[in-house]
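The values are calculated or read from the model by the stated rules, or taken from the named source; none is laboratory data. Everything numeric here is computed off the predicted structure, so don't read it as measured data. Cβ sites come from the backbone with ideal geometry, for glycine too, and all protein chains shown count toward neighbours.
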Amino acid sequence: MRKYSFTSVIFAMILVISLAACDSSSMPSSGNRNGERTYSEDEYNRLLRRIESLEKQINELRTEIANPANGLYAPGSTDDSDWTPSTEIDDIPIINNPPPSDLNESPARDFEYVFNAALGGVEITDYLGTSIRVRIPEYIEGVPVKAITNSAFGYSGIMYVYLPNTLEIIDWEAFQRCTGLTNITIPNSVTYIGYCAFEGSGLTNISIPDSVTRIGTRAFADCRSLTNMAIGYGVTHIEGGAFSSTGLSSIAIPDNVTSVAWRSDSGGAFRGNFNLVATYNGIEYSAIRHDSYGFDLPQEFYDAINSR
């Protein structure tokens, strides 16, 4: 059976959307005596820009698919016997996070952002660019980039993003459902990974540096391809559903963790991982089925941490 990479599927979806956008100008519209849909000049220009953006993404995806160095299936591949991940898990703590030499900083115009006085820096709230490879700058208008929030990249087609060493907060659906994003390096400047930050993304492995102290609600929930996770020693709190329904089969919880959500509104921090074995303080805890609650680690695991 022929296999298709996830990238190939995304390419096909974008192509369909692009064609649909092109054809939409001839769709009949009720109330128009000529039976044709009409556009204002602004609408027409927005449509052209959208089509140009999609064409650029298609071309970039073609390049990604054709490049064997990316570890993707080549078009027409029928087996994956020689496939290996393109990026290995970094040892924690992550000390070195140099920017890629082959990728220029994305310009400030590619982002919507605000100046956050409390953080003393820039908070990126939206990505306006079209590239699927993004290098977030350390400074915008001479001010350090401190946070990414507000679903800035949520549901986008990005496949690579470089996070600057000035970044402290990744919050509120920042990379939610970025299914083409399979690997990311979190710099050891980050202290908080918040609500649904990477929920439903395509991450396959992740290392959380020692600088992070709290992992928020559903931060990595529904990351079904996530099979490798290293949690830094600085983490003390893991909130509800933070790692629910992932592909994890094993995880080590550092001794510094003193609070892990258990049956909160968002469920236990590791709910839905039916094959998970967690190690804490030298003891292994295997997931079990809880009545009317589904699979989760046993209550003894949560009690061992939360009773400290």
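Data for the structure
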item: Subset of region 269-302 (residues that are modelled with pLDDT under 95, in a strand (DSSP E or B) and small (Gly, Ala, Ser)); result: 294
item: Region 290-308, residues that are at negative phi and among the small types (Gly, Ala, Ser); result: 304, 307
item: Hits in region 138-155 (condition: surrounded by fewer than 22 Cβ atoms within 10 Å (Cβ to Cβ), under 18 Å from the mean Cα position of the chain (by Cα) and either among the acidic types (Asp, Glu) or part of a loop (DSSP other than H, G, I, E, B) (or both)); result: 149, 150, 151, 154, 155
item: Residues of region 210-258 classified as of a type in the set (A, V, I, L, M, F, W, C), touching a Pro at 6+ places or on another chain (Cβ under 7 Å) and in a loop (DSSP other than H, G, I, E, B), total; result: 1
item: Residue within region 118-132 that is in a helix (DSSP H, G or I), modelled with pLDDT of 95 or more and in contact with a Ser or Thr (Cβ under 9 Å, 6 or more places away or on another chain) present; result: no
item: Pairs, first among the acidic types (Asp, Glu) in region 146-172, second not in a loop (DSSP other than H, G, I, E, B), C-beta under 7 Å, six or more apart; result: 168/146; 168/147; 171/147; 171/192
item: Total residues in region 242-275, condition touching an Asp or Glu at 6+ places or on another chain (Cβ under 9 Å) and either buried (at least 21 other Cβ atoms within 10 Å of the Cβ) or not assigned by TED's automatic domain parsing to the domain that holds residue 195 (or both); result: 11
item: So residue 221, is it touching a Ser or Thr at 6+ places or on another chain (Cβ under 7 Å) and crowded, with 20+ Cβ neighbours inside 10 Å; result: yes
item: For residue 229: the one exception among (1) in contact with an Asp or Glu (Cβ under 8 Å, 6 or more places away or on another chain); (2) farther than 15 Å from residue 296 by Cβ; result: (1)
item: Selected residue (criterion: farthest from residue 196 (Cα to Cα)) from residues of region 289-308 that are surrounded by fewer than 13 Cβ atoms within 10 Å (Cβ to Cβ) and within 29 Å of the chain's Cα centre (by Cα); result: 289
item: Test: residue 214 is touching a Cys at 6+ places or on another chain (Cβ under 7 Å) and closer than 27 Å to residue 182 by Cα; result: no
item: Of all residues making up region 128-182, the number that are among the charged types (D, E, K, R) and out of contact with any strand residue (DSSP E or B) (no Cβ under 8 Å at 6 or more places or on another chain); result: 2
item: Selected residue (only one of 246, 279 is of a type in the set (Ser, Thr, Tyr) and under 25 Å from the mean Cα position of the chain (by Cα)); result: 246
